[in-house]
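Scroll down for the structure; my scribbles are underneath it.
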Amino acid sequence: MTRFGAAMQKIDERIPGVDLPLMSVSQTKGVVRRSELTDAPQRAESLDAYKVCRKGDVVFNKMKIRSGAMGIAHEDGLVTYHYEVMRPREGMDPRYIVHLMKSSWFTSELIARERGISAGGEHGGIRTTEVPFTVLRTIDVLLPEIDEQRAIADYLDRETTRIDTLIEEQQRLIEMLRERRLAAVEEAVSIVATRGARLKHIIRSVRQGWSPQCYSWPADGVETWAVLKAGAANGGRFRPTENKELPEDEVPRPDIVVTRGDLIVSRANTRELVGSAAVVEGDFPRLMLCDKLYAFSLDESRADSRFVAVVLGSRRWRDLIELEATGASHSMLNISQSDIVNLPMLLPPVDEQRRIIAHLDGEIVKIDQLIAETERFIELARERRSALITAAVTGQVDVREAA
């Protein structure tokens, strides 16, 4: 075993006025030009203080190293202060180093050395952790001779590419299944007209919650009082666990407890999620609304709340909601109660709504099962990828025999 610092040296080269492309580090693509990942303008007016990375250098994001944000620079470029630049010492293959750093063994060593808010664990609201080169250099690692490093890197390049290709194929399948799911929803709500009536004509009452200072952890909402988060209706599904426990010194408000059948609508969220609607399915006598959620009680003789939630999640109504949403920041838009209740919505008879929902349930359940199975396959493939890397760089597998 040898210290990591014996394999790599930190590089902090800065050349004011140099004409080089701005680079970024992606978890999946490695070190690439920033323009390949985003067309957003750079934040800094000047790049004079940026670090220079040279072709063959290893670059990693010291704020996201645990998630594998690292790679080899394939051209000279500039990187921000969030990145560390390392250069392999003589006798070191940078491909081997990157595989080593992506191994689960190396990640466990990183976790033990993290610095920052909530560092060193998987829970506790990790927001700002940092692992600079000064920390990495102290890790004891297995550094075989250069020929063996190359053999391991060749083997892992080949095998991880196969796994990555398989994962990409499964991700495309998930996209197709989600498109199919969306098409089923659009077909189901095509019977609903956007003229002749408004949502307010089927609403009996509206409640809005509050947002006291709560604990960061969730409660059950049955035995313990809790306040829902704004994302409790995201994705068209009610998520009761998206809540925060109410402190003992706060007085609960039973008048804003959600009830079975309530149509929950988010009034403040991102553009894609503002106006998200879901139906409360279950009894939570101590689960309260936050001030970013509305709870609508509908006239059951005229509307099925689940059908209305599906309508609100369809493309036509999403377009109307996003059109009405206001706010200075894309990360947090608002839609007023008035705008929601005045959405056009002429529903078919309630028996027809329930028949459509029953049919849609059957279709969606099948699609969701396929999506869940595919996601599980991807998870297993990623676990296999991680295990393969760890076994190869720690000497648990002879890559010559494996090849």
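The values are calculated or read from the model by the stated rules, or taken from the named source; none is laboratory data. Since we're looking at a predicted model, the values are computed, not measured. Please note: Cβ atoms are built from the backbone with ideal geometry, for glycine as well, and neighbour counts cover all protein chains shown. Accessible surface is based on the protein model in full, side chains and every heavy atom, while ligands, DNA and RNA are left aside. Shrake-Rupley method; radii C 1.70, N 1.55, O 1.52, S 1.80 Å.
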Accessible surface of the chain [probe 1.4 Å, protein heavy atoms]: carbon and sulfur percent: 48 percent
Out-of-range pairs (alpha-carbon distance over 22 Å; input Lys64/Lys102; Lys10/Lys64; Lys55/Lys102; Lys229/Lys366; Lys200/Lys244): Lys229/Lys366; Lys200/Lys244
Simple Cβ-charge dipole of the chain, Lys/Arg +1 and Asp/Glu -1, about Cα centre, in debye nearest 20: 580 debye
Sequence of Trp217, Trp210 from largest to smallest accessible area, 1.4 Å probe: Trp217, Trp210
Potential extension, Tyr215-Arg33 segment - 0.36 nm per residue separation minus Cα distance: 61.4 nm
Max mean-square fluctuation residue, GNM over the chain, Cα-Cα springs under 10 Å, options Val18, Val31, Val192: Val18
Two-site FRET efficiency, Ile191 against Thr241, from Cβ-Cβ distance with R₀ of 35 Å, rounded to 0.05: 0.55
For region 1-75: rounded, prolate or oblate by the Cα gyration tensor [a/c cutoff 1.5]: oblate
Probe 1.4 Å, accessible area per residue of the chain, Å²: 53 Å²
Backbone HN-Hα couplings from phi across region 375-387 [Karplus 6.51/-1.76/1.60, Hz, Gly and Pro as x]: 4, 5, 4, 4, 4, 5, 5, 5, 5, 4, 4, 5, 5
Principal axis dimensions, largest first and in whole angstrom, of region 286-373 by Cα: 40, 38, 35
Calculated from backbone phi, Karplus (6.51, -1.76, 1.60) coupling profile of region 19-29 in Hz, x at Gly/Pro: 9, 9, x, 7, 10, 10, 10, 9, 5, 9, 9
Probe 1.4 Å - accessible area at Leu293, Å² to nearest ten: 0 Å²
Built amide H within the under 5 Å cut-off of Ile139, gap 5+: Phe4, Gly5
For Leu78, distant residues with modelled amide H under 5 Å away: Leu22, Met23, Cys53
Radius 14 Å from Cβ of Lys10, net charge of other residues (Lys, Arg +1; Asp, Glu -1): +4
Length added when fully stretched, Thr394-Glu148, from 0.36 nm per residue minus Cα-Cα: 87.3 nm
Cα gyration tensor of region 206-333 - equivalent ellipsoid semi-axes, whole Å, descending: 24, 18, 11
Whole-number percent relative contact order across region 301-396, with pairs defined as alpha carbons under 8 Å at least 6 apart: 28 percent
Whole-number D in µm² s⁻¹ for region 250-403, Kirkwood Cα-pair radius fed into Stokes-Einstein, 37 °C, 0.692 mPa s: 172 µm²/s
Viscosity 0.692 mPa s, 37 °C: Kirkwood-radius Stokes-Einstein D of the chain over Cα pairs, µm²/s: 132 µm²/s
